[in-house]
Amino acid sequence: MIGWTLGILFLLLLLFVLLSPLESLRWWADRGEREVRQTFELLPPEADAEDQAGRYVVYLSGVGVVGGDRLSAREEAWLEALQEDLPEVRVVSDVFPYAVDNRGLLQRTTVWLWSRLDRWRRAGSIKFVPLLINIRNIAKVLVSADPRYGPTLNIGLAQEIWWSLQRHGYVPGTNTPVTIVGFSGGGQMALGAGWFLSGLGVPVSVISVGGIFGDDPGLDRISHLWHLRGGKDHIQHLGTIAFPGRWATAPLSPWGRAKREGRITTRVIGPMKHDGPRGYFGRRAFGADGRNHSDLTRAAVSDIIRTMAAQS
């Protein structure tokens with residue numbers, strides 16, 4: 001019985017993956033073009049910027065997440081520590097990066113599927129269940145990186161980030177800097193959305209935490225990309241392998257241009273694996289200096305943001 005159930009789930013998942021590009025295309029055809037025009041072309045008048053933070057950080061989670069309000073306990077603890085470390089910065093983390101309209105997987109007609117998979121994953125009862133959620137979101141990463149379908153997904157994500165920033169006090173037209181921190185597949189989503197946010201005149205930078213991303217055109221517009229990786233994180237190398245635009249044989253790609261212009265910095269920040277208790281947000285695994293992985297990652301991100309603030 002379990003075998004039949006899992007077989008049906010895999011078939012449904014395969015269907016979702018194959019239809020993945022159509023979600024953003026359908027959104028664009030139905031209402032996306034109208035929404036985006038109202039959001040980006042007809043910007044609201046400037047409001048009182050008194051309560052606005054000096055800089056904003058937007059966190060985009062990895063491919064294992066099921067919604068912007070369903071981050072892991074490790075991520076939530078890390079974000080709280082980052083906010084405490086940077087009181088002058090406002091940290092935003094309520095955007096689901098793998099949807100064009102910010103609807104999490106538990107806010108869809110297929111909630112029966114994703115809620116069950118999420119329960120199984122949290123209970124640890126079936127070890128490979130997390131892969132089913134990951135594969136669905138990986139398909140969105142590939143759509144984002146695809147020059148044919150990516151723009152519709154990326155502009156929808158940019159719109160959701162733009163709305164979220166304003167919900168948290170961001171005032172359009174003030175040119176307040178925004179740093180998008182993308183973990184794992186969130187790195188590609190950050191670059192994709194960064195293209196459109198930069199087009200609004202927003203100073204955008206990206207910090208990749210073990211990010212998997214391609215040679216996205218967003219690299220031509222963002223001010224800088226910091227790629228932070230763990231010494232034992234082999235998964236993040238998939239971005240280099242899977243996207244020819246990041247190879248040395250493509251010097252004219254957005255990645256190649258950004259490298260030549262000195263707008264890409266790569267740092268090894270510790271002995272992290274990609275995910276789990278020994279990943280970037282783990283609190284029970286430690287680096288050579290005795291700090292846990294979560295603290296090492298937070299310190300690296302905080303140092304970058306403080307350096308940017310000092311230079312601005």
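The values are calculated or read from the model by the stated rules, or taken from the named source; none is laboratory data. Values in this document were obtained by computation on a predicted structure and should not be read as measured data. Using ideal geometry, Cβ is built from the backbone for each residue, glycine included, and neighbour counts are taken over all protein chains shown.
Some observations on this one:
- Unmet requirement for T249, which otherwise passes all of (1) of a type in the set (S, T, N, Q); (2) over 17 Å from S61 (Cα atoms); (3) surrounded by 15 or more Cβ atoms within 10 Å (Cβ to Cβ): (3)
- Note on the stretch 72-86: residues that are at pLDDT below 95 and either part of a loop (DSSP other than H, G, I, E, B) or in contact with a helix residue (DSSP H, G or I) (Cβ under 6 Å, 6 or more places away or on another chain) (or both) amount to 1.
- Candidate set from the stretch 161-183 (those that are among the polar types (S, T, N, Q) and touching a Phe, Trp or Tyr at 6+ places or on another chain (Cβ under 9 Å)); member that is surrounded by the most Cβ atoms within 10 Å (Cβ to Cβ): T179
- Only one of the numbered conditions (1) out of contact with any His (no Cβ under 6 Å at 6 or more places or on another chain); (2) surrounded by fewer than 23 Cβ atoms within 10 Å (Cβ to Cβ) is violated by R263, and that is (1).
- Tally of residues being over 18 Å from T179 (Cβ atoms), of a type in the set (S, T, Y) and either modelled with pLDDT of 95 or more or surrounded by 14 or more Cβ atoms within 10 Å (Cβ to Cβ) (or both) across the stretch 87-114: 1
- Screening T179 on (1) out of contact with any helix residue (DSSP H, G or I) (no Cβ under 7 Å at 6 or more places or on another chain); (2) among the hydroxyl-bearing types (S, T, Y); (3) at pLDDT 95 or above shows it passes everything except condition (1).
- Of the residues making up the stretch 266-284, those that are in contact with a helix residue (DSSP H, G or I) (Cβ under 7 Å, 6 or more places away or on another chain) and crowded, with 18+ Cβ neighbours inside 10 Å are I269, G270, M272, H274, G279, Y280, F281, G282.
- Selection from the stretch 234-267 of residues that are closer than 23 Å to R278 by Cα and either of a type in the set (A, V, I, L, M, F, W, C) or in contact with a Ser or Thr (Cβ under 7 Å, 6 or more places away or on another chain) (or both): I235, L238
- Residue count, the stretch 61-87 (criterion: of a type outside the set (D, E) and free of Cβ contacts under 8 Å to residues at least 60 places away in the same chain): 8
- Here the stretch 167-222 is the region considered, the condition is being touching a Gly at 6+ places or on another chain (Cβ under 6 Å) and of a type in the set (F, W, Y), and the residue that is nearest to S61 (Cα to Cα) is F183.
Rundown of residues vs (1) more than 18 Å from W27 (Cα to Cα); (2) touching a residue at least 12 places away in the same chain (Cβ under 8 Å); (3) not aliphatic (A, V, I, L, M), yes/no style:
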| residue | (1), (2), (3) |
| --- | --- |
| L132 | yes, yes, no |
| S144 | no, yes, yes |
| Y149 | no, yes, yes |
| Q159 | no, yes, yes |
| F183 | yes, yes, yes |
| P203 | yes, yes, yes |
| L219 | yes, yes, no |
| H224 | yes, yes, yes |
| G230 | yes, yes, yes |
